[in-house]
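The values are calculated or read from the model by the stated rules, or taken from the named source; none is laboratory data. Just so it is clear, the model here is predicted, and its values are computed rather than measured. Cβ placement follows ideal geometry from the backbone for every residue including glycine, while neighbour counts extend to all protein chains displayed. To get the accessible areas, we keep the full protein, side chains included, count just its heavy atoms, and leave off ligands, DNA and RNA. Shrake-Rupley method; radii C 1.70, N 1.55, O 1.52, S 1.80 Å.
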Amino acid sequence: MRERRALLKIAALGGAFALACSTPAEAADISACLITKTDTNPSALRMKTAAIAEAKALGIDLKSFSGKIDGDSESQIAAIEHCIVDGAKGIMISASDTKAIVPSVKKARDAGLLVIALGVPLEPSDAADTTIAADNQRAGQALGEWAKGQLGGRVGKIGFLESTSAKPAAETLRDQGFMLGLGISPDDASKGVGAQNDRIVGHDVVQGSEADGNSAMMDLLGKEPGIAVVHIDDDAMARGASKALEALGKKKDVMIVSTDGCAGVEAVAKGVVDATFMTDLKSVGRLGVRAIERFATTGQKPTPSAGMNFQDAGGFVVAKIPGADHQTNPICTTDPYACAYTPITTASAQAICQ
């Protein structure tokens, strides 16, 4: 009866989520589920492609689900129900709502499934067995180090523009890391952008639209016309800020950096921002599949990276200005945050996010 109810619930949703099997039925000794926010988001597709390839190599039957739109947690909850009934060994999920799915995640874990949060931790973070993501502070620091290098090591005034929809904890860590990368003292960086540091011009938190980015950038320039670099965490806001700089003839004078994934990579290719940080989403997908395979065969749950409460998937700076080449630079094999793809064109931006 429980199985029938769960299947009826999924059927009632109609096309609420996409379902695709990535491996042949005969490879179904171990089954797993990947649940993403949508089936069109470039970041989700990059992660999914890597997960499918890894599952195929390991002989795992991987089924993928997604919501119709970003924020569609109901479809994700229905997908979790399906995975429980279907006998999956584990679930990887990039949550649309990190709180709403927690009761369903508990149900899955109580049923013996391994649950892995991808990209962003659940709230609370221990609601999942583990999280696979980039280190937000190290991501911000990598961007700060890159910007400082491009500015000849002498960074003047700094601004921050953020969306109210950003995740507060992640945003704070990125800001702190960016400050550290620019050479602001650890003491001030630990206080975040509220620190009374004379290099920080302002910290505007707005709705996250292009118009908001435009007006917020104007506001920062009104406070300090000689601002050197602005950290923005949203693609739409970055477009607005870039247009403000163009309108004032200051596009070449102010550096814009972001941490907006594939949207940020595309913005670099179009010249909207100078650099962005990209989580290594392929690594996220591969690590998740391997963790489920290990759990299914040995019962061993994933362990966090040293000194962290999550598994660090790493990432890289994407920039148009020439610098280290991610594909050939030897340091990429030892430091997952020290590499840059350059130069970026529209074609290479698309390749990064495939």
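Annotation: amide H of Val273 within the under-5 Å range of Val268, sequence separation 5 or more or interchain, hydrogens built in the peptide plane. Which entries of Lys252/Lys320; Lys37/Lys320; Lys68/Lys270; Lys48/Lys89; Lys48/Lys320; Lys191/Lys250 have Cα-Cα distances beyond 20 Å here? Check vs 20 Å cut-off fails for Lys37/Lys320; Lys68/Lys270; Lys48/Lys320; Lys191/Lys250. Each of Met92, Gly183, Leu281 was placed along the dipole of the chain (beta-carbon charges, centred on the mean Cα), and the one lying farthest toward the positive end is Met92.
Give the peptides 303-310, 139-146 in descending order of average Cβ contacts within 10 Å, highest first.
Descending mean neighbour count gives 139-146, 303-310.
What is the helix-to-structure angle for 136-150, meaning the angle in degrees between its Cα long axis and the longest Cα principal axis of the chain, kept from 0 to 90 and rounded to the nearest 10? Value to nearest ten degrees: 30. Remark: the range 58-64, residue by residue, has Karplus-estimated 3J(HN,Hα) of 8, x, 9, 7, 9, 10, 10 Hz, where x stands for each Gly or Pro and the curve is 6.51 cos²θ - 1.76 cosθ + 1.60 at θ = phi - 60°.
Max-minus-min Cα coordinates of the chain on each principal axis give 67, 42, 40 Å, with the largest extent listed first.
For the peptides 65-71, 280-286, residues were scored by their other Cβ atoms within 10 Å and the scores averaged per peptide; the highest-first order is 280-286, 65-71. Ordering 269-279, 123-133, 100-110 by mean Cβ neighbour count within 10 Å, with the highest value first, yields 269-279, 123-133, 100-110. Rolling a 1.4 Å probe over the protein heavy atoms gives the chain an accessible area of 43 Å² per residue.
Computed from Cα positions, the angle between helix 73-86 and the longest principal axis of the chain comes to roughly 30 degrees. Coupling constants for the range 206-214 follow from the phi torsions by the Karplus curve (6.51 cos²θ - 1.76 cosθ + 1.60, θ = phi - 60°), and in residue order they are 10, 5, x, 8, 5, 4, 5, x, 5 Hz; glycine and proline get x. Using a cutoff of 8 angstrom between alpha carbon atoms and counting only pairs six or more residues apart, the relative contact order for the chain works out to 16 percent. For the pair Arg294 and Arg154, the difference between a 0.36 nm per residue extended length and the Cα-Cα distance amounts to 45.6 nm. Spacing of the modelled spin labels on Lys99 and Asn309, each 7 Å from Cα toward Cβ, amounts to 1.7 nm.
In sequence order, the range 298-308 has phi-based couplings of 10, x, 7, 8, x, 10, x, 5, 3, x, 10 Hz under the Karplus curve 6.51 cos²θ - 1.76 cosθ + 1.60, θ = phi - 60°, and Gly or Pro positions carry x. The distance separating the Cα centre of the range 89-124 from that of the range 207-283 comes to 33 Å. Taking amide H positions as modeled 1.01 Å from N, with prolines and chain starts lacking one, the residues under 5 Å from Met92 and 5 or more places away or on another chain are Cys33, Leu34, Ile35, Ile116.
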